Each structure stands twice: as C-alpha cells, then as structure tokens.
Amino acid sequence: MDQTAPPETTGEHAHGCSHIETFDLIRIGVTLLAAALVWYRVWEPFPRASFIGIAGVLFGGWPIFREAFDDILERRMTMELSMTIALAAALAIGEFFTALIITAFVLVAELLEGLTVSRGRRAIGDLLNLLPRSAWIVKAGMPPEEVPTQKIGAGDRVLIRPGARIPVDGVVVSGHSNVEEAAITGEPLPQDKLPGSRVFAGTMNQTGALEVAVETLGRNTTFGKIVEAVETAEQTRAPIQRLADRLAGYLVYFALGSAFMTLLITHNLRSTISVVIVAGACGIAAGTPLAVLGAIGRCARQGTIIKGGIYLEQLAKVNTVLLDKTGTLTCGKPSVTALNAARATMEDELLALAASAERNSEHPLALAIIAAARERQLMIADPEVFSYTPGRGVCAEMDGHRALVGNRLLMEEAKVALPAMKTTVGTRVYVARDQCYLGSIDISDPPRQGAAEAIQELARMGIRTELITGDTSASASAVAECLRIEEISSGLLPQQKAQRVDELIKSGRTVAMIGDGINDAPALARAHVGVAMGGGTELAHASAHVLLIGNDLNKFAASLKTARWCRAVIYQNFYGTLIVDAAGIALAAAGWIHPLLAAFIHVSSEMIFILNSARLLPAFSPAETTNAPPPDSDQRMRASGGPIAVSHPQSEMYGRRLP
C-alpha cells in the first residue's frame, strides 16, 4: 500500500525498513491467529458480532487506520483511506474472517514491499562502508603514522598497503600495484598502477604498496560524487515520478467512484468491497522511484554519475549525440603513431636519437617522443649541446655527431635531402644526423580506446552522432573517418558549439553533448544532457549533468541502455497496473471476484510490479565489502573535505501518500 510522497516531502520515503521488525511479525501473527479463531468459532460471546474478529482487525490494521486518519486531517486521498473504508464495510456486514485475512494480506505486502524498496537504500550504505576511516600519512624523515581521514589534507602523502582500501583520490608518487576499481569505474579486472597513475577513493589495493599524493577528499572525491548522485536521486523527483504520483491518485479516486457506482447499480455490498480492495496503485507509486533509484545506482556502478532523476529521464529520450574531438574522442595529448625509418636505420635507433636530442625540450611533441622511447625502454642520452628554434625544431650534439629533429623547414635550412612521402594526419617530425636523413616520426592525438565501439553501439541504438570541434576540417575528418562518424562541424568557437546545440533542439531533437574542456562548457549547459569526461576541466564537470569516470565512452552507451531500460520498466508498471485495476474492478463489480480473491490480486500484482522495478537495482559483490569497517552511526564517512551526509529515512511502514 505504498504511495509516493508529495514534492514537499522529498527525502521522506516510506517503506525504508532495511530489516524485519519483531513487532511487525507479531502483528501479522496475531491477525492470522484471530482469523483462525474466527473461522473455527472458538469463542463468540455475541451472536451478531465477533469480538475476536473486531479486536484482531483493530490491532492488525492499526497502522493503516492511523495513516488514514492523518490523511483525512490533511485532506489527502490515499490507498490506506480506501482500504480502511473497505475493512469497515466488511466488518459492518459481518465478514469478520474476510476482514482479518485482508488485513494480514496488506501487512505482509507492506513488509515485503518495504524490504524490496530498502534494498536500494542499502546500496548507499554499502557504498559508505567501502571507505576506511583512517590512513597512513607519510612525512619526510618520519615513519608512516596512522591518522583519522579527517586530518588528511590535499597535498599530503599517504601510504596504501596491500589489501587496504584507498581513502582519497590522488596520484601515485611511488610504488607499483594492481588496484581493483570495480566499485568506482565498473572495470572488472584490476588496473596496473605506476607512478603518475590516478587512484580513486573506495578502491582496493591488491598486490603492492603505493605512496599517493592526495588531491581530493570527502565529497569532492569521485566516490563522494557517486554517493551524492544516488542520494540526490532519492531526494529529487523526475517528471515521470510526478506523473506516477498523479496517476496513482487518479486510480484511488477511480476505484472509489467505481465502488459507489457498483453499490448504486447492484446493491451488493460484497461486490462493492471487492471493487475497493482489488484496485492498487503501489506498482506505480512505489515502483517508479525504486526504478529511478536503481537505474542511477546501476549507472554509478558502471562508471557514470548522473546528477538526478530528471537527467536520467532525459537520457532515455536522447536521439542525437554531439561529441567534441580533442580529449573526448581522442586522448587529448600527442603520442607517436608511426616510425618511418630510412633503409639503413632501425626504428629503435631512430627513436632513441630523437628522444636524446629532445631530452631538454618541454614541447608537447618532444614529450611524446620521449614517452615512446621510455615505453620501449630505450637509452636516452644527455645532449652535450642543445638549442631550440621556435617553429623549426631542435639541434643537439652528442658523441661528436649533430642531430636535427624538427619539421621540413628545419631540414631544408640544414640542406638535408628528404624523400617524397605521403601526407599524414597529425604532425610529422623529421630526424637527421650529420645532414643524413634517418627517418621521420608521425605524431598525432589518437582516438580513445573503445571510442569506435561506442559510436557503433550508439548507431545500433538508432542514435545520430555528430562531431563538433574547433579543429580544422582535415583533422576532424580524419578522426570522423576512423570512428565512422558521418556528420562533422569543424572550426567552431565555444559559442558556435552552443548555437549548434540550440539548432538541433529547435528542430525537435533530444540532444546529449559530450565534452571535456572549458570551450565545451556552454554547449554542455545548453544540451538536454551535458556529459563531461572524467579527465576534463572543473568547469566542464560543473556544467555537465552526467560525469563519465575513467573517460570511457562505452560507459555512456551503457548508461543510455540503462536509462531506456528504466523508462521501459516504468511504463510496464504503468500499463500493467491500469490493465489489472480495470479488469479487476470490472470483474469485482460483476460479482465474479469476492473480497479475499480481490485482496490476493491486489497484493500479488503490486509485488510483481515492484519486483519488476527492483531488477534495476545494482548488485554489490561480497568482495566489495571485504575488509570494510562495520557501520558506525557517528562516523559514516569523514575526510577533510567534509562528511558525506546520506539521509536514511525513518522506517514508516504505512507513510507514503498520494497527492
């Protein structure tokens, strides 16, 4: 009998019990015992009234009657009020056994419903238990010291031992280990962590010790944002939830109106009672917020933070996705894509010479060459003489040889003969030694791993994709061709990206914009759903409605599927409830359903629809709570960034109301 709270009571949801109260079981047991005594007429001192029957209904149905009385005072129509009317009518015509069984049905249904809905809230508690409450802080010249997490600050260094959970977001300074990140990023396999790697609060360090420089704590961590997203999902109401509230209210009015008409036409009080009992709205009123909460929690487990139910609903409607290029479809930093060695030169020799010549350079292309050499574990020498010419490249002397690394202009000025070569996407760096051409290195910003698969998945879902970028047409076309994106808008300024979003919205499209930079912020804010890459700027994160952890576009595709699944489940509950109620009311009015069968139909249909919504709830593996500290009412999660306050509404078995 779960109805949804009005907007002014957001956060106060009924059926929040996460365990079975002993008194609830006693209430159900006493009601069933009273029904048995009435059935066998064990003690009936009054000829026309059953003392045991009336006492059993009053005791068992007290939570329902109390809620109905409050609803009368507040002038609200609820399922509790309609059920109270039905029970009173059953007692009035002497159907004491029927009234007791209906009461027991309702109590059992409320208990099961409360346990099902509370599973979503327990997911928040499970998340909270993933964080340690203390950490080992490392200071120069001193042994590691264990301190409470609230005493850790940004810039501190903490030691993460094998088998321990990581308490902060930060960057590995030293050490090598594997970290299990499934609770945060959704990645099933442990991730290799080396100096320079990012780590997330709430993840599990597995094999080696890590020293981590603290970046963010508390609510500002990725973990904190996940908890906040799930918390917000409970406290805010999407338009479809408000629709569910109204529809549930209309069903109650319709049931009472049908009961009144049945009484006028048939003059059969049993049929009238059956009409009131058979109608149920909980599949809508309780199932809808449960589905939304479950979907947002599932997306968080997949590595996508959705900032509220309204954006989940919009995500389900998206039919057009705009994607920025640099940092979104591509990695956002140059890397070596090809080594074109001359005939007499080995690739490793070419790369090692170029990296040695560029060793003292801070140019992004130089850093890409050095990174590629280190990846191949090549020896990088220190140049004896180094000079840099802007717009040309570098000249270095090593072991009596003069090395040139730069563009075509540098080579032409040094009289180095270059062979004819095909054009390339990105930048080509030429390498020469003592005016002898050794080869070239192609450098570009490559597409992200998994980007092509994500675009193909969006296409299979019938979603139109378009690349919008401020880069040149040639650069954009090369990436679009690689990823099979047909529509391209290049050379756009930030305001022009926002204008493109407005154009598509005016044409009737539901638009999601995915970006990572400051220049994407206006478009992210204008789109129906703005999606920021996890490695993007703070402004992009603030402007977006959805945040991808780990920069994996496949997670966005998975979240779209989850959002559409959530919408399908909600509409299944809508139509299913309407069909069951309409058929049940018609059959009850015709006298084909007696009150006991009506109660069974009411309870079973509601549980089916609520369990349908519960399919969306994420499952937490036992491994995720291994080594987690027990819950503590005073310390849920604290860090210098402030505690994460998660509301756990009071257990109210019969407290949610219809508008």
Next on the checklist: So, taking all protein chains as they sit and a 1.4 Å probe, how much accessible area belongs to Trp136, in Å² rounded to tens?
Outcome noted: 80 Å²
Next on the checklist: How large is the accessible surface of Leu73 in square angstrom, using a 1.4 angstrom probe and rounding to the nearest 10?
Outcome noted: 120 Å²
Checklist outcome for this item: Ordering 348-355, 319-326 by per-residue average of other C-beta atoms within 10 angstrom, highest first, gives 319-326, 348-355
Checklist entry - Which entries of Lys225/Lys561; Lys225/Lys555; Lys333/Lys497; Lys225/Lys333; Lys325/Lys497 show an alpha-carbon separation above 18 angstrom in the structure shown? => result Lys225/Lys561; Lys333/Lys497; Lys225/Lys333
Checklist outcome for this item: If R0 = 45 Å, then Gln496 and Glu215, at their Cβ-Cβ distance, give a FRET efficiency to the nearest 0.05 of 0.85
Item to check | Where labels lie 7 Å past Cα in the beta-carbon direction, separation of Leu58 and Ser134 in nm | outcome: 5.7 nm
Item to check | Whole-angstrom gap from region 476-539 to region 583-611, using each part's C-alpha centre | outcome: 50 Å
Checklist outcome for this item: Taking the dipole of region 436-545 about the Cα centre (Lys, Arg +1; Asp, Glu -1; charges at Cβ), the one of Ser444, Ile455, Ala527 that reaches farthest to the positive side is Ala527
Next on the checklist: Sorting check: for 596-608, 283-295, which peptide has the highest mean count of neighbouring beta carbons within 10 Å, and how do the rest follow?
Outcome noted: 283-295, 596-608
Item to check | For Glu181, residues with placed amide H under 5 Å, excluding near neighbours | outcome: Gln191
Next on the checklist: Please compute the per residue accessible area over region 450-558 with all protein chains in place, 1.4 Å probe, rounded to a whole number of Å².
Outcome noted: 41 Å²
Checklist entry - Among 46-57, 510-521, 542-553, how do they line up from the highest to the lowest mean number of other beta-carbon atoms within 10 Å? => result 510-521, 542-553, 46-57
Checklist outcome for this item: Full extension between Leu194 and Arg161 adds, at 0.36 nm per residue less the Cα distance, a length in nm of 10.4 nm
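The values are calculated or read from the model by the stated rules, or taken from the named source; none is laboratory data. Values in this document were obtained by computation on a predicted structure and should not be read as measured data. Note that each Cβ is placed from the backbone with ideal geometry, even for glycine, and that neighbours are counted across all protein chains shown. The area values use the complete protein model at the heavy-atom level, side chains included, leaving out ligands, DNA and RNA. Shrake-Rupley method; radii C 1.70, N 1.55, O 1.52, S 1.80 Å.
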